[in-house]
Structures are given as structure tokens and as C-alpha cells.
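**Q** Handing you this structure, nothing more for now.
The values are calculated or read from the model by the stated rules, or taken from the named source; none is laboratory data. Please read all numbers here as calculations on a predicted model, not as lab measurements. Every residue, glycine among them, receives a Cβ derived from its backbone with ideal geometry; neighbour counts consider all protein chains shown.
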């Protein structure tokens with residue numbers, strides 16, 4: 001088995017991925033800026049993608065690195081994420097890393113991509129700039145307890161008796177369960193068939209954001225929510241609206257909303273040849289996210 005470094009080990013995906021990698025038999029290093037506070041599985045290592053010197057010891061002896069870092073909550077996230085990717089690429093190459101696995105964003109390159117998706121594409125390129133093969137998994141909304149996009153959906157449904165929503169709720173997307181994201185990442189690690197390739201990953205259904213909210217409402221309260229669509233609600237106004245009724249900050253909300261006017265669905269299913277298995281439905285993804293939230297006894301918002 002391999003020595004695997006997981007960046008963002010305490011984040012939404014990282015904290016579920018590390019135990020799965022340990023269970024698969026890998027020697028896992030959990031990278032965090034505060035290793036002294038880390039209480040999860042694997043071996044904590046202290047490093048910061050913005051500090052090149054800290055990356056060298058963290059990557060020494062590593063076979064595969066999983067890159068789960070982004071700065072969506074920062075107005076200057078494009079520049080910061082690009083520099084972080086350059087730092088990581090150089091350090092990984094110097095350490096002799098065999099593969100970098102990166103979670104990117106779904107979206108057609110022919111589209112006029114949002115800043116968020118454009119940044120994800122740039123990071124894909126920059127991570128491989130120094131010659132380490134990169135495996136990219138592009139996803140739309142990842143449904144799981146604690147995920148920003150899912151939390152927006154859950155909190156809107158919970159907090160509003162009725163919703164006036166912008167027209168982008170009619171855009172199609174292809175949500176994927178957190179469990180499937182973890183399964184795909186584990187499946188491509190040190191997999192020769194996955195080296196240097198870009199895969200699109202998604203659940204079983206292509207849904208509009210409106211359909212997702214309706215299914216979430218049924219799953220949470222078994223009740224329909226009256227929804228009125230208005231033709232004009234700008235990304236800036238939408239982000240303030242989200243900040244008002246959810247605990248997602250306006251900067252993160254706006255960066256995500258900018259992407260929501262673009263259809264993001266899976267057009268290439270080749271990941272199933274490399275990592276076989278049927279993904280979960282959206283309804284089951286929601287059920288699992290709600291069950292995990294209940295099990296953790298999360299405070300209400």
C-alpha cells in the first residue's frame with residue numbers, strides 16, 4: 001500500500017476520506033495547519049500550502065497526495081489558490097510524489113466559466129506544472145453533512161416557510177453523495193488507469209436546484225415549500241439573501257452562486273470503468289446527510 005498525504009484533512013471531504021484510506025490499508029498523513037489539535041485517524045503533519053518551506057517535510061516519502069484546498073471565503077481566492085497550487089506542485093515534484101489527486105468542479109470548458117470554476121481549472125493545470133501526474137475528479141454539488149452547497153440547501157428549506165428564488169434555480173446540475181466522492185478518491189489512488197486523467201463524477205440524477213430543494217423539503221419535513229421564481233436577482237443580491245437566512249458568509253455564497261447559472265452535468269462516465277459501482281441517488285444522499293447531522297447532534301440553524 002501507499003503513503004498518502006491528505007491536505008485539508010479536517011475539512012468537509014478530508015475528515016471522511018482519511019478513515020477510508022486507513023481502512024483501505026494506506027499509511028495516511030493528515031495535513032493540517034494545527035497538527036497539535038488534530039484528533040482524527042492517520043498521522044498529523046503540520047504544513048500550509050501558502051508556505052513552501054512547510055510543504056517539503058510534509059511531502060517527504062509520500063507516494064500520493066490528495067489536494068483538497070481552496071479559499072472560496074476570500075475575495076482574492078483566485079490568486080491565492082493559484083499560488084498555493086504552484087507551491088504544492090513544486091514541492092510534490094521535489095519529493096518524488098507519484099500522483100496528485102484533485103477535486104475539481106464540473107462545467108463545460110466551452111462555457112463562459114464563473115470565477116469559481118475558472119479557478120478550479122487553473123489549479124488543475126498548475127498542480128501538474130512540475131511533472132507530477134494529476135488525477136482530477138470534477139464534481140458539482142457534494143451532498144453531505146457540513147458541505148457548503150448542501151448546507152445552503154438544507155438551511156434555506158428549514159428556515160423559510162416560502163421562498164422567492166432567482167431564475168438560476170432552473171439550472172440543471174448533478175449532485176453526488178459524499179460517500180461516492182470518498183469512494184472515487186480511494187479508487188483512483190495509485191491506480192495506473194487514473195494517472196494524468198480528468199474524470200467527471202456525479203450521482204444518478206440530473207436535477208434543477210429547484211427540484212433539489214423540493215426533495216430536501218420532503219425528506220426533512222415531509223412538506224412542500226411554496227416557491228416563487230423571480231426573473232432578476234443578481235449574484236450580489238443572492239449572496240446577501242443567503243447570508244441573511246443561512247450561516248454561509250456572503251463572499252463564499254457569491255462565489256458559489258456565480259457558478260449556479262451554468263449547467264454542470266456529467267457527460268463522460270469513464271470513471272465507472274476505473275472505479276466500478278453505482279452511485280447513490282440524490283434522495284439517499286440527502287437521507288444520509290440528515291442522519292449524520294442527527295447523529296452528531298448538530299445545533300440548529
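**Q** Can you tell me which condition residue 133 does not meet? The list is (1) surrounded by 24 or more Cβ atoms within 10 Å (Cβ to Cβ); (2) at pLDDT 95 or above, and all the others hold.
**A** Result: residue 133 passes all but (1).
**Q** Sticking with this one: Does at least one position in the stretch 257-264 carry a residue that is surrounded by fewer than 13 Cβ atoms within 10 Å (Cβ to Cβ), under 14 Å from residue 148 (Cα atoms) and either touching a strand residue (DSSP E or B) at 6+ places or on another chain (Cβ under 8 Å) or modelled with pLDDT under 75 (or both)?
**A** No, because not a single residue in the stretch 257-264 is surrounded by fewer than 13 Cβ atoms within 10 Å (Cβ to Cβ), under 14 Å from residue 148 (Cα atoms) and either touching a strand residue (DSSP E or B) at 6+ places or on another chain (Cβ under 8 Å) or modelled with pLDDT under 75 (or both).
One line per residue, one yes/no per condition, for (1) within 24 Å of residue 138 (Cβ to Cβ); (2) buried (at least 16 other Cβ atoms within 10 Å of the Cβ); (3) out of contact with any strand residue (DSSP E or B) (no Cβ under 9 Å at 6 or more places or on another chain):
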residue	(1), (2), (3)
20	yes, yes, yes
23	no, no, yes
34	no, no, no
39	no, no, yes
44	no, yes, no
49	yes, yes, no
52	no, yes, yes
57	no, no, no
66	yes, yes, no
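**Q** Here is a follow-up. Tell me, which residue of the stretch 215-229 that is over 21 Å from residue 294 (Cβ atoms) and surrounded by 10 or more Cβ atoms within 10 Å (Cβ to Cβ) is modelled with the highest pLDDT?
**A** Filtering first and then ranking leaves 227.
**Q** Out of contact with any strand residue (DSSP E or B) (no Cβ under 7 Å at 6 or more places or on another chain), assigned to a loop (DSSP other than H, G, I, E, B), surrounded by fewer than 22 Cβ atoms within 10 Å (Cβ to Cβ) and at pLDDT 95 or above: is that true of residue 8 in this structure?
**A** So residue 8 does not fit the description; no.
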